[in-house]
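*Asks:* Let me begin by handing over the structure; questions about it come next.
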Amino acid sequence: REPPRVALVCGSGLGALAEELTEPITIDYRDIPHFPRSTVQGHAGRLVVGRLGSAPCAVLQGRFHLYEGNAPSQVVIPVRTMALLGVHTLVLTNAAGSLRPELGPGHLLVIRDHIDLPGLAGRSPLVGPNDERFGTRFPSMTDAYDPALRRLALALAPKELRARSGVYVGVGGPSYETPAECRYLRRAGAHAVG
Ligand SMILES: O=P(O)(O)O[C@H]1O[C@H](CO)[C@@H](O)[C@H]1O
Ligand SMILES: Nc1nc2[nH]cnc2c(=O)[nH]1
């Protein structure tokens, strides 16, 4: 069987995307060595490998979060596993809170850049000895989100999703943000928070 070249990580409520795969093989995260446990509702905790159209594809039903008690180095285990399998294109999705009145529920924000607040405070997944298989120390973050793929997503998104590009700010959780925090994050240039 051809190994997947494209992987999709599903955020809350998006796990059903795995049902689009044909010839699916499903593996519970519990059966994959070193994977942490999924504890969040709406994150099934399964890896589904199959075909999306003609492309061999992997869908991860659920991600791991810092607020579940995982170390940053554990949170990235699925992404690094995909890289070791030969995946070259990774699509990340998540449920996020809007910081802009024009971005309503059900709208799609294509991330063009991010502010990683836990990372800036020393909780980056890259902290620790550098594993050169996954890149150099101090990688450039100028085009962290591939511009060609972003253009494609904006061009192909269904009209009703009112897709636009924007800046995502990552926070630690597990509480939603206070009004003062939302004002602060909006002034910092973010469009969505999660
Ligand atoms: O889509 P997932 O990974 O569940 O993430 C979202 O869910 C959590 C809170 O609703 C935040 O972490 C937010 O980003
Ligand atoms: N942190 C955070 N996560 C979310 N997930 C969905 N909405 C939100 C939000 O407003 N804030």
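The values are calculated or read from the model by the stated rules, or taken from the named source; none is laboratory data. If you're wondering where the values come from, they're calculated on a predicted model, not measured in any experiment. Here Cβ is always computed from backbone atoms with ideal geometry, including for glycine, and neighbour counts include all displayed protein chains. All accessible areas refer to the heavy atoms of the entire protein, side chains included, with ligands and DNA or RNA removed. Shrake-Rupley method; radii C 1.70, N 1.55, O 1.52, S 1.80 Å.
*Asks:* Mind listing whichever residues of segment 27-53 are touching a Leu at 6+ places or on another chain (Cβ under 7 Å) and either surrounded by fewer than 17 Cβ atoms within 10 Å (Cβ to Cβ) or free of Cβ contacts under 8 Å to residues at least 24 places away in the same chain (or both)?
*Replies:* Matches in segment 27-53: Ile27, Ile32, Arg51.
*Asks:* If we scan segment 45-53, do we find a residue that is at positive phi, in the same structural domain as Val79 (by TED's automatic domain parsing) and assigned to a loop (DSSP other than H, G, I, E, B)?
*Replies:* yes
*Asks:* Of the numbered conditions (1) more than 16 Å from ligand 1 (Cβ to nearest atom); (2) within 29 Å of Gly69 (Cα to Cα); (3) outside the structural domain of Phe64 (by TED's automatic domain parsing); (4) within 18 Å of the chain's Cα centre (by Cα), Val87 fails exactly one; give the number of that condition.
*Replies:* All conditions are met except number (3).
*Asks:* Scan segment 54-85 for residues that are open to solvent by less than 30 Å² (accessible area, probe 1.4 Å) and either out of contact with any Leu (no Cβ under 9 Å at 6 or more places or on another chain) or part of a strand (DSSP E or B) (or both) and jot them down.
*Replies:* If the condition is that a residue be open to solvent by less than 30 Å² (accessible area, probe 1.4 Å) and either out of contact with any Leu (no Cβ under 9 Å at 6 or more places or on another chain) or part of a strand (DSSP E or B) (or both), then Pro56, Cys57, Ala58, Val59, Leu60, Gln61, Gly62, Phe64, Asn70 are the ones that fit.
*Asks:* Here is a further query. Working carefully through the options Pro118, Pro125, find the one that is closer than 20 Å to Glu68 by Cα, touching a Gly at 6+ places or on another chain (Cβ under 7 Å) and either more than 16 Å from ligand 1 (Cβ to nearest atom) or of a type outside the set (A, V, I, L, M) (or both).
*Replies:* Pro118
*Asks:* Just the residues that are within 12 Å of Pro118 (Cβ to Cβ) and near ligand 2 (Cβ under 8 Å from one of its atoms), please, taken from segment 163-182.
*Replies:* Passing the criteria: Val171, Gly173.
*Asks:* For Leu185, all conditions in the list (1) over 17 Å from the mean Cα position of the chain (by Cα); (2) loosely packed, with under 15 Cβ neighbours inside 10 Å; (3) at pLDDT 95 or above hold save one; what is the number of the exception?
*Replies:* Failed condition: (2).
*Asks:* Kindly indicate whether Gly128 is touching a residue at least 40 places away in the same chain (Cβ under 8 Å), small (Gly, Ala, Ser), in a loop (DSSP other than H, G, I, E, B) and on the phi > 0 side of the Ramachandran plot.
*Replies:* On the way: touching a residue at least 40 places away in the same chain (Cβ under 8 Å): yes; small (Gly, Ala, Ser): yes; in a loop (DSSP other than H, G, I, E, B): yes; on the phi > 0 side of the Ramachandran plot: yes.
So Gly128 fits the description; yes.
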